[in-house]
1. Springs between alpha-carbon atoms under 10 Å, Gaussian network over the chain: tell me which of 13, 167, 40 tops the mean-square fluctuations.
2. What fraction of the DSSP beta bridges in the stretch 4-111 is antiparallel, stated in percent and rounded to the nearest 5?
3. Angle, helix 194-205 long axis vs. longest principal axis of the chain, Cα atoms, 0 to 90°, nearest 10?
4. Based on alpha-carbon centroids, what's the gap between the stretch 166-190 and the stretch 1-71 in Å, whole number please?
5. Can you give the % of DSSP beta bridges in the chain that are antiparallel, to the nearest 5?
6. Ordered by packing density, taken as the mean number of other Cβ atoms within 10 Å over each peptide's residues, highest first, how do 74-83, 148-157, 96-105 rank?
7. Could I have the simple spin-label model distance between residue 198 and residue 65, label points 7 Å from Cα toward Cβ, reported in nm to one decimal?
8. Hey, with R₀ at 22 Å, roughly what FRET efficiency would residue 130 and residue 158 work out to, going by the Cβ-Cβ distance, to 0.05?
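We did not get these values from a lab; they are worked out from the coordinates using the rules stated. Predicted model only: the values in this text are computed from it and were never measured. So basically every Cβ, Gly included, is an ideal-geometry build from the backbone, and we count neighbours across all protein chains shown.
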């Protein structure tokens, strides 16, 4: 995977903090802050070359690639520096929990935005594509095929319209949740997701 380095300054000011710069890792899809580490020039270069986020461990006094023992790697998507060129923002996709305590992030998870749950739901839906679990409704939709998934999207769309017309706020939320879920399943069946929809909306806006 090629790491986008277009946001990096030509020269990073490592000397300001004694040869290291803070590296903030952000989930590429949700914007959630996952962890804070430190990089020297070699760690930054290895991150770009390897594609997995690599830090300089101040306790071990050596380079440390996230997940080298746990397998919970961070696939680097892009790197950018701040306005003073003395900090790095890493956008990455985590494989498993980021924190050594087994949580998604090293920071309090109660600060997560509600929309971030859609990424978790997307991961669950994707995992169900090849599942043979007879008790999984999502897996049953994939087995039923595109026609059934499209039918459910149409049905839920009508239910959303009915609830809105009836001015029933609770039912509108319930039916909207059903619609979004079934749309996500249909998109996943076609190898797409809500990020692709957001990208299309963004292209129209610009």
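1. Maximum fluctuation in the GNM of the chain, among the listed residues, is at 167.
2. 70 percent
3. 90 degrees
4. Centre-to-centre distance over Cα atoms comes out at 39 Å.
5. 70 percent
6. Highest to lowest by the protection proxy: 74-83, 148-157, 96-105.
7. Each label point lies 7 Å from its Cα, and together they span 2.8 nm.
8. E(calc), rounded to 0.05, equals 0.10.
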